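Only one structure is covered here, and it is reproduced in the block below.
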There are 4 protein chains.
Amino acid sequence: MIIVMGKEADANNVKAVIEKIKSAGLKAFISEGEFVTIIGVVGDVTKLKKGEFERMDGVDRIVAVMKPYKQASRDFHPKNSVIEVDGVKIGGEKITIAAGPCAIESEEFLFSIAESVKKSGAEIFRASAYKPRSSPYDFQGMGEKGLKMLKKVKEETGLVVETEVMDTRNVELVAKYVDILRVGARNMQNFDLLKEVGKVSKPVILKNGISATISEFLMAAEYIMSEGNHEVILCYRGIRTHEPAVRNSMDILAIPLLKANTHLPVIVDPSHAAGNFRFIEATSRAAIAAGADGLLVEVHCNPEKAMCDGKQSLTTQKFDSLMKNLKAVAAAVDRKM
Amino acid sequence: MIIVMGKEADANNVKAVIEKIKSAGLKAFISEGEFVTIIGVVGDVTKLKKGEFERMDGVDRIVAVMKPYKQASRDFHPKNSVIEVDGVKIGGEKITIAAGPCAIESEEFLFSIAESVKKSGAEIFRASAYKPRSSPYDFQGMGEKGLKMLKKVKEETGLVVETEVMDTRNVELVAKYVDILRVGARNMQNFDLLKEVGKVSKPVILKNGISATISEFLMAAEYIMSEGNHEVILCYRGIRTHEPAVRNSMDILAIPLLKANTHLPVIVDPSHAAGNFRFIEATSRAAIAAGADGLLVEVHCNPEKAMCDGKQSLTTQKFDSLMKNLKAVAAAVDRKM
Amino acid sequence: MIIVMGKEADANNVKAVIEKIKSAGLKAFISEGEFVTIIGVVGDVTKLKKGEFERMDGVDRIVAVMKPYKQASRDFHPKNSVIEVDGVKIGGEKITIAAGPCAIESEEFLFSIAESVKKSGAEIFRASAYKPRSSPYDFQGMGEKGLKMLKKVKEETGLVVETEVMDTRNVELVAKYVDILRVGARNMQNFDLLKEVGKVSKPVILKNGISATISEFLMAAEYIMSEGNHEVILCYRGIRTHEPAVRNSMDILAIPLLKANTHLPVIVDPSHAAGNFRFIEATSRAAIAAGADGLLVEVHCNPEKAMCDGKQSLTTQKFDSLMKNLKAVAAAVDRKM
Amino acid sequence: MIIVMGKEADANNVKAVIEKIKSAGLKAFISEGEFVTIIGVVGDVTKLKKGEFERMDGVDRIVAVMKPYKQASRDFHPKNSVIEVDGVKIGGEKITIAAGPCAIESEEFLFSIAESVKKSGAEIFRASAYKPRSSPYDFQGMGEKGLKMLKKVKEETGLVVETEVMDTRNVELVAKYVDILRVGARNMQNFDLLKEVGKVSKPVILKNGISATISEFLMAAEYIMSEGNHEVILCYRGIRTHEPAVRNSMDILAIPLLKANTHLPVIVDPSHAAGNFRFIEATSRAAIAAGADGLLVEVHCNPEKAMCDGKQSLTTQKFDSLMKNLKAVAAAVDRKM
């Protein structure tokens, strides 16, 4: 931690800060410049309350030096984490594709999509039984009935299945039926939910909040890991910006930035980023070219009739051709698919 | 709903869209221009799925005409809603001030702050027993023990008390101890929590998410109201922008914009917007000048020692002087305080 | 300047950094922690190139300590600057109001508006002869013909007149006709223009770019001041955010933040912030309550017919009532009007 | 153009709007719903002033239907534009790489970098003689002396050369020395400069402003084209967002979005987007995978000593390896390199 003293700070102000640092059992190193004095604090700064210093006379600001996350940090775990579920690996050499409809609507649809995406090469099947909808008057999902269908998909197709969990009260139930739990963008800082999925012994796909920083995203992963669950898959789905022509902006820099800071696998959701099926292929290619470990794609056999997100879902035909095209991109960056 | 056809759309595309509209029992009005055709859809458009049209050949885009919220809308409820709790009115002529510490830390502190803010003119006492912290390693709140202290504050001071609820599992418990429930910014789109507080018969202070639009904010209120609880108090606490020098940007336009679109009371949290005690007074003055119905201010008798948010808390002395200064501003815009 | 070494840095890396600092004639202070080493650099850091250090082995990042602006900084000029033009003071105890149409359209309109705003209490008359329009097909302004009209307004009404200058080639010409030059938001980082108006001996109203930080805004002022022109009036007109319901977001925190960091006068343009005449009054009240030294308001005697910005212009009647209402707000914050 | 009437609009309000439309020689189509009336305006709406309608009683809002740009629009020019300079094509099947130092610093450096990037496969040499710097105290570029060096680079290496022009007064001079003019992000809405480069018969690389929308970006191209210069190369360099860990966010969706809306070539500047040499390769790969026609990359033979942007410049060695790696990505998306 660094404490930057203001231009107006006098010797007594500096002294008071140093004493407070020492009384907490830490060391203070002083750099005295012509205009400002900088105080480096060395030791276990987690013992300190930032507020203690921020309000002291003469203090201009506090600069944090250490990253706030530990278990998610590559600093303490240099090698890539590879998460394995029933033989499907996420974060390894091979690009992993999760695909499926936005929502579970009917068993018939679900099986038809599942069989199709499996044939095209997807290894994980995505579908939501609980839907976070902006309007209380929109379809809210099929609930447990949908979870049962998902389980059946797994049994009959062998696909690994994942679904969203939104409510702390449902974590146990959801974990009973699926292989991977998903925490959506709106719940990235629903800390009680993060703690609850942190107690489950199944992997969690964690999406970034649309206005979260990369550091906050990793702190959300840290919440899950701090409860004992280390199998966190980060899913980048874009951020909200000033641009009205897209649902979200897809900051491709997030991928190498995450990769530099964490050992956790990073996948990309091109559907929620683009919000438009026309841009899914370009986004998917870019994600893999930038180093993503996989994709989470919305696919529907009849998107026009989808209960939600129809605009951003690929048809099963288009998904099949996407999968073929991505193979070359994966190979170009030395990945398998 | 308006359907804008693309420049490339032909007569058959237009025909197909019109037929789909009619088959849903709605009416289509066509405006045929030189380059593009516009189709106005009249009737209960909530029956339609946007996705149905967005993917049809020739369709360029869909423009929504009606606001998505109803119960929160001033269109259907032109008069201001005034919410009353134990004689304290929010949304009326008088400016209502809620003040108190960020977190409940100890009974001694709590009573000391409560008595002080009461003397200065606050009518509602704020304090959190559950804390949404960015880090799992930070103080997470005192839980039920804190709620009990809050209840005691109410009994001994007569102040109306409010606190944050973060977890669906705690809604009932929290409602047992306090007068007003608060849903924080991070949970503005925690839809299960919104539904749960919508079932309680106590007022709810709802904060805007830091990247929510005004329309999404009102849709979150609509969630609560759709469950039967109409006593929603909107609390604007600023938004995240590119500016690094403040915790959040405080878009003062949000106040007249909310007032124009909803009948619900609108209060402002200057502490979380500014993130710095030095700017609380200017923000508070501006909020009242712009038409806010009240403030939610963090006050601590010893901010340097606060478990959290020390930087943005006012001392009890400073709060007292703020209250005095605000009276003149309230009077200048024909409000009482 | 502070150099934060990465976790992976070894003793040789630290040594190399220290040697580079010393070889530039500066001093290095070292704080050695368990995980990271921090190096405080003391002396005239403007001699250093940041890039020199950022790429050195083991360096994690550079933290600037000093503000990049000097002449604009309150640190070096603690007292408020008051700028005076023909007896009109900006930045003093009195709130100064500039008002007038977006564009100069005709002499008749111009005089009618000028006389009206003068009667209501405006001291500066604003009107643009050169218009930065998003479309090349829109009205681009009357040019020198308009400037002549402005000069006539000044001669006949006694109002101080101001107008926008967009092109380095026009600076001299514009300065010949008007009392105050205005640099618009889109040109806040048109550095050649800033330098050019920096050579003129007339005050300059400088608007913030819609995505500029407060620090960049002050650096733009510094550009003007570095050429010798110290009469810079900062005009805050809001920033671009994710909110679609307003033209710009009006971060009211910008006012106390600017006031804390600079001695220059700060005025607010409520018209361009709100983009909607309905919200001008609330914004204007808030601006004055937050500490602004004045306003720049668009007023038109027939906004429906205005060549541009009709939606955000006040009618002369509405402006007159605004001026009356603002007096009480100004008094509430101990300012005159 | 669509006029949406408010819920409170009565028959007279609707009538007044219709009459105004008709009196301008246009047609009005009415869709009358239960709550709101929508009026479609057909004909040459550029004759209308939006403001005329926005302020009429009962009008809620105006929705534009047509894109504001024409010459830049793919609607009116479906085929890709290919721009050719001395045999180098931009926008064709082949990916075009422009590379070189941020600023021209010395002839020796310049030639060394130029020869190196040429050998690696770059076809265009970039280097700035005029530098837009945030601080007036930073190196501002070598001016005409630098332009002369650039010309010499062209003569001796055969590379096409490009440089930035910032001031209307320098356009002619710059055009005399280089093959391609560049308009930087900060000047994207410097309309006088856009008009001036629109009169030159040399291609222009136009960068997006960091908070510009895609539509505004294309309107800036339209400005240049409206003066007669149709050779505009769009260069996407990212946007400013809330993320502090990168210089700019690189919204990869901008590429397919631009490609869908315009026929102009689209290249990407990974250096200014990332702001960090470590992320240039991932960004470059993603850009090409997403459909960009080329790159504009900062390369320096000794980045630590660069006068500016050292942190984001690639070494010549790293650039050489980047070029090799990009070939496979280009091939994977059926492009040559």
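Readers should treat all values here as calculations from the given coordinates under stated rules, not as data from a laboratory. Model, not experiment: these values are computed from the prediction. Cβ coordinates were reconstructed from backbone atoms using ideal geometry, including for glycine residues, and neighbour counts include every protein chain displayed.
Tell me the angle of helix D:214-226 to the major Cα principal axis of chain D, expressed in degrees between 0 and 90 and rounded to the nearest ten.
80 degrees
Under the rule of at least 5 residues apart or a separate chain, name every residue whose amide H is placed under 5 Å from the amide H of A:Leu314.
Excluding prolines and chain starts, which carry no amide H, the hits are A:Glu298, A:Val299, A:His300.
B:Ala103's amide H: which non-local residues (gap 5+, or another chain) put their own amide H closer than 5 Å, with H modeled 1.01 Å from N in plane and none for Pro or chain starts?
Result for B:Ala103 returns B:Ser128, B:Cys308.
Considering the zone a paramagnetic label at B:Lys199 would reach in this model (a point 7 Å from Cα along the Cα-to-Cβ line), which residues of segment B:217-242 have amide N under 13 Å from it?
So the set is B:227-229.
Can you list the residues of segment C:10-33 with backbone N under 19 Å from a point 7 Å past the Cα of A:Glu34, pointing along Cα to Cβ?
The answer is C:21-29.
Please identify, among C:Gly40, C:Gly294, C:Gly141, the residue showing maximal mean-square fluctuation in a Gaussian network model of chain C using a 10 angstrom Cα cutoff.
Largest GNM mean-square fluctuation: C:Gly40.
Considering every pair of different Cα atoms, what Kirkwood radius, in Å, is found for segment C:40-88?
Numbers: mean 1/r = 0.0698 Å⁻¹.
Value: 14.3 Å, from the Cα pair sum.
Which whole number gives the average, over all residues in B:264-273, of C-beta atoms from other chains lying within 10 Å of the residue C-beta?
Values: counts 0, 0, 0, 0, 1, 0, 2, 0, 0, 3.
Average neighbour count from other chains, rounded to a whole number: 1.
For peptide C:109-119, how many partner chain Cβ atoms fall within 10 Å of a residue's Cβ, on average?
Values: counts 0, 0, 0, 0, 0, 0, 0, 0, 0, 0, 0.
Neighbouring Cβ atoms belonging to other protein chains average 0 per residue here.
With an 8 Å cut-off on Cα pairs and a minimum separation of 6 or more residues, tell me the relative contact order of chain D in percent. Let's see the in-between values first.
Values: 694 pairs, mean separation 54.2, N = 337.
Reported as a whole number, the value is 16 percent.
For D:Gly87, place a label point 7 Å out from Cα along the Cα→Cβ vector, do the same in each other copy, and report the separations in nm, one decimal, smallest first.
Those label-point separations list as 5.7, 7.3, 9.2 nm.
Rounded, prolate or oblate, given the Cα gyration tensor of segment B:239-337, with a/c below 1.5 counting as rounded? Can you show the working numbers first?
Values: a/c = 2.18, a/b = 1.26, b/c = 1.72.
It comes out oblate by the Cα gyration axes.
Take the Cα pairs of the protein assembly as shown, get the Kirkwood Rh, then feed it into Stokes-Einstein at 20 °C and 1.002 mPa s and tell me D in µm²/s.
Details: Rh = 32.5 Å.
Taking Rh from Cα pairs, D becomes 66 µm²/s.
How would you rank C:Glu227, D:Glu298, B:Glu172, going from fewest to most other Cβ atoms within 10 Å of each one's own Cβ? Intermediate values should be presented prior to the final figure.
Working: C:Glu227 15, D:Glu298 28, B:Glu172 12.
With the sparsest Cβ surroundings first, the list reads B:Glu172, C:Glu227, D:Glu298.
Calculate the mean, over all residues of peptide D:25-32, of how many other protein chain Cβ atoms lie within 10 angstrom of the residue's Cβ.
Working: counts 0, 1, 3, 1, 9, 3, 13, 4.
The per-residue average across the peptide is 4.
With 18 Å as the limit, write out which pairs from A:Lys27/A:Lys47; D:Lys27/D:Lys47; A:Lys259/A:Lys327; A:Lys327/D:Lys259; B:Lys148/B:Lys199 have Cα-Cα distances beyond it, or answer none.
On the way: A:Lys27/A:Lys47 13 Å; D:Lys27/D:Lys47 13 Å; A:Lys259/A:Lys327 21 Å; A:Lys327/D:Lys259 23 Å; B:Lys148/B:Lys199 22 Å.
Pairs exceeding 18 Å: A:Lys259/A:Lys327; A:Lys327/D:Lys259; B:Lys148/B:Lys199.
Can you check what the net charge comes to around B:Lys202, using other residues whose Cβ is under 14 Å from the Cβ of B:Lys202 (Lys, Arg +1; Asp, Glu -1)?
-4
Mean separation of Cα pairs under 8 Å and 6+ residues apart, divided by the residue count of segment A:48-116: what relative contact order is that in percent?
Working: 28 pairs, mean separation 8.6, N = 69.
Value for segment A:48-116: 12 percent.
Once you place label points 7 Å from the Cα toward the Cβ at D:Ser135 and B:Phe111, how far apart are they in nm?
The modelled label-to-label distance comes out at 5.6 nm.
Taking C:Lys118 in one copy and the same position in all the others, each labelled 7 Å out along Cα→Cβ, what are the pairwise distances from the first, in nm, shortest first?
With the label placed 7 Å along Cα→Cβ, C:Lys118 yields 6.0, 6.7, 8.5 nm.
Mind checking the dipole of segment A:1-68: about its Cα centre, +1 per Lys or Arg Cβ, -1 per Asp or Glu Cβ, Debye to the nearest 20?
380 debye
Once the convex hull of the C-alpha atoms of segment A:68-116 is built, how many Å³ does it hold per residue, rounded to a whole number?
So the per-residue hull volume is 133 Å³.
With a 10 Å Cβ neighbour count serving as the proxy for reagent exposure, in which order, fewest first, do A:Phe217, D:Phe139 appear? Each step should come with its number before you reach the end.
Details: A:Phe217 26, D:Phe139 13.
Fewest-to-most ranking of A:Phe217, D:Phe139: D:Phe139, A:Phe217.
Go through D:Gly6, D:Val266, D:Ala28 and say which Cα lies farthest out towards the positive end of the charge dipole of chain D; charges sit on Cβ, +1 for Lys and Arg, -1 for Asp and Glu.
D:Val266
If you line up the long axis of helix D:107-120 against the longest principal axis of chain D, both from Cα atoms, how many degrees apart are they, to the nearest 10?
Relative to chain D, helix D:107-120 is tipped by roughly 80 degrees.
Would you kindly derive the ³J(HN,Hα) couplings of segment A:153-159 from the backbone phi angles with the Karplus curve 6.51 cos²θ - 1.76 cosθ + 1.60 (θ = phi - 60°), listing them in order in whole Hz, with x for Gly and Pro?
Result, rounded to whole Hz: 4, 4, 4, 8, 9, x, 5.
Given R₀ = 35 Å, FRET efficiency for A:Arg61-B:Ala331 by Cβ-Cβ distance, to 0.05? Can you show the working numbers first?
Numbers: r = 37 Å, r/R0 = 1.05.
Between A:Arg61 and B:Ala331 the formula returns 0.45.
Report, in whole Å, the centroid distance computed from the Cα atoms of segment B:246-301 and segment C:100-150.
35 Å
At B:Phe76, label 7 Å along Cα→Cβ: distances to the other copies, nm, ascending?
Those label-point separations list as 4.4, 5.1, 6.0 nm.
Note down the nm distance, to one decimal, between modelled labels 7 Å out along Cα→Cβ at B:Lys79 and at B:Glu144.
4.2 nm
Size of the dipole of chain C about the Cα centre, Lys and Arg at +1 and Asp and Glu at -1 on the beta carbon, nothing else charged, in debye to 20? Numbers along the way, then the final one.
Working: 47 positive and 44 negative charges, 65 e Å.
The dipole of chain C has a size of about 320 debye.
Using 7 Å Cα-to-Cβ label points, what is the D:Arg278/A:Lys118 separation (nm, one decimal)?
Result for the modelled spin labels: 4.2 nm.
Would you work out if segment B:2-63 is rounded, prolate or oblate? Take a ≥ b ≥ c from the square roots of the eigenvalues of the alpha-carbon gyration tensor; rounded if a/c is under 1.5, else prolate when a/b is larger than b/c, oblate otherwise. Write out the running numbers ahead of the final one.
Details: a/c = 1.75, a/b = 1.53, b/c = 1.14.
In terms of gyration-tensor shape, prolate.
Quick one: what are the phi-derived ³J(HN,Hα) couplings along segment A:34-42, Karplus 6.51/-1.76/1.60 with θ = phi - 60°, whole Hz, x for glycine and proline?
Along segment A:34-42, the couplings run 5, 9, 9, 10, 10, 10, x, 9, 10 Hz.
Dipole size in debye (nearest 20) for the protein assembly as shown around its Cα centre, Lys and Arg Cβ +1, Asp and Glu Cβ -1? Present the calculation step by step, with values, prior to reporting the outcome.
Details: 188 positive and 176 negative charges, 0 e Å.
Magnitude of the dipole: close to 0 debye.
Residue by residue through segment D:278-291, which ³J(HN,Hα) values in whole Hz follow from phi under the Karplus form 6.51 cos²θ - 1.76 cosθ + 1.60 (θ = phi - 60°), with glycine and proline marked x?
5, 9, 5, 5, 4, 5, 5, 4, 5, 4, 5, 4, 7, x
Which residue, chosen from B:Ala254, B:Ala332, B:Ile224, occupies the Cα position most advanced towards the positive end of the dipole of segment B:83-332, where the dipole is computed from +1 (Lys, Arg) and -1 (Asp, Glu) charges on Cβ about the Cα centre?
B:Ala332
Rounded if a/c is under 1.5, else prolate if a/b is larger than b/c, else oblate: which is segment D:83-332, with a ≥ b ≥ c the root eigenvalues of its Cα gyration tensor?
Values: a/c = 1.21, a/b = 1.02, b/c = 1.19.
Here segment D:83-332 falls in the rounded category.
Among residues other than A:Val160 whose Cβ falls under 9 Å from its Cβ, what is the net charge (Lys/Arg +1, Asp/Glu -1)?
Neighbour charge sum, excluding A:Val160 itself: -3.
Test of understanding: in a Gaussian network model of chain C with alpha carbons linked when under 10 Å, which of C:Arg237, C:Arg61, C:Arg278 would top the mean-square fluctuation ranking?
The residue with the greatest mean-square fluctuation here is C:Arg61.
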